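First the structure, in the form of structure tokens, and then the observations on it.
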Amino acid sequence: MSINITMPALSPTMEEGTLAKWLVKEGDSVKSGDIIAEIETDKATMEVEAVDEGKVAKIVVPEGTEGVKVNAVIAVLAEDGEDASSVKAPSADAAPKKEEKKEDAPKAEEKKTEEKKPEPKKEEARPEPTKAAAPAKSDDGT
């Protein structure tokens, strides 16, 4: 049975990263702990270790790919005795389309945030009449 290697989360808030460099190629044998790739985020570059042993059957995400989602399959290992050529890898074509849509979503969220900013200004204007009401109370008290 093949083993999927997925994009690791380098921090609890990480949602995606760049697969900067592959240190192995298809057909290479790896064992647990071998450094197989480098992942970049906006904050750091980290090495990815193999979590199991086997032969790299398929590199799903090419080197230099940006916007790779955490837990997306980036490569597939064939276990000992398994024919690497028979391993079926998940389609990498679907992921970039989803990423592009998700990239548009934060832009929309930013616009929503900008639209919300004027609302607090209206709230700031409301306390001013309250201040004007305070002297009226002191007039009542006199």
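Here are the numbers for the structure shown:
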{"read-out": "Spin-label model distance (nm) - A9 vs E63, 7 Å beyond Cα toward Cβ", "value": "2.9 nm"}
{"read-out": "Gain on full stretching of the segment that runs from K31 to E53 - 0.36 nm per residue minus C-alpha separation", "value": "7.5 nm"}
{"read-out": "Peptides 49-62, 14-27 ordered by average Cβ neighbours within 10 Å, highest first", "value": "49-62, 14-27"}
{"read-out": "HN-Hα J in Hz across the range 39-49 - Karplus 6.51, -1.76, 1.60, θ = phi - 60°, x for Gly and Pro", "value": "10, 10, 10, 5, 10, 7, 10, 10, 8, 9, 9"}
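Each value in this text was obtained by applying a stated rule to the coordinates, not by laboratory testing. For clarity, every value in this text was computed on a predicted model and none was experimentally measured. When we count neighbours, we look across all protein chains shown, and the Cβ atoms used for this are built from the backbone with ideal geometry, even at glycine.
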